[in-house]
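Heads up: the structure comes next, in structure tokens.
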Amino acid sequence: MIALPTTGGIFLYAKPTDMRKSFSGLAGIVRNELGKTPNDGSLFLFINRRQDKLKALYWDRDGMAVWYKSLEQGTFERISQDGEASVKLDAADLAMLLGGISIENAKRRKRLKAA
């Protein structure tokens, strides 16, 4: 079972990513373009230009881990917010992204937020 990080946030990189990049290349994007630390407990998501491949980079207790998904059909949704380098997602957004549900078109019902 893959345990995804829960201590940091979930960040979707807004630009298309070369899927030939692995640990060092993706960590370089996190440091240089997102201004974040790859081992801070966050999950960083990258989507290729054709939007049919997704990589996730995260720190797994004692080292970096990369998870890779390649779709046989369809695409992932790339979300951007006013020229920002990344978009912060929550667990529900991640589930929708991986499940092929449009995050931008999803209508959220009003809920009480804990203080």
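No lab work stands behind these numbers, since they all come straight from the coordinates. Just so it is clear, the model here is predicted, and its values are computed rather than measured. So basically every Cβ, Gly included, is an ideal-geometry build from the backbone, and we count neighbours across all protein chains shown.
Summary table below
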item	result
Theoretical FRET efficiency, 1/(1+(r/R0)^6), r = Cβ-Cβ of residue 52 and residue 20, R0 22 Å, to 0.05	0.90
Other-chain or far-sequence residues with amide H under 5 Å of residue 11's (modelled H)	43, 44, 45, 89
Of 21/55; 15/36; 15/113; 15/53; 36/110; 69/110, those spanning more than 21 Å from alpha-carbon to alpha-carbon	15/113; 36/110; 69/110
Shape call, region 10-99: gyration tensor on alpha carbons, a/c limit 1.5	rounded
Relative exposure of 104, 84, judged by other C-beta atoms within 10 Å (fewest first)	104, 84
Computed [θ] at 222 nm, helices only, for the chain once each DSSP H run of length n ≥ 4 contributes -39500 (n - 2.57)	-5000 deg cm²/dmol
Gain in span if fully extended, residue 81 to residue 104, counting 0.36 nm per residue against the direct Cα distance	7.2 nm
Gyration tensor (alpha-carbon) shape descriptor, region 39-89, a/c threshold 1.5	oblate
Extreme residue, positive dipole direction of the chain, given options 13, 103, 51 (C-beta unit charges)	103
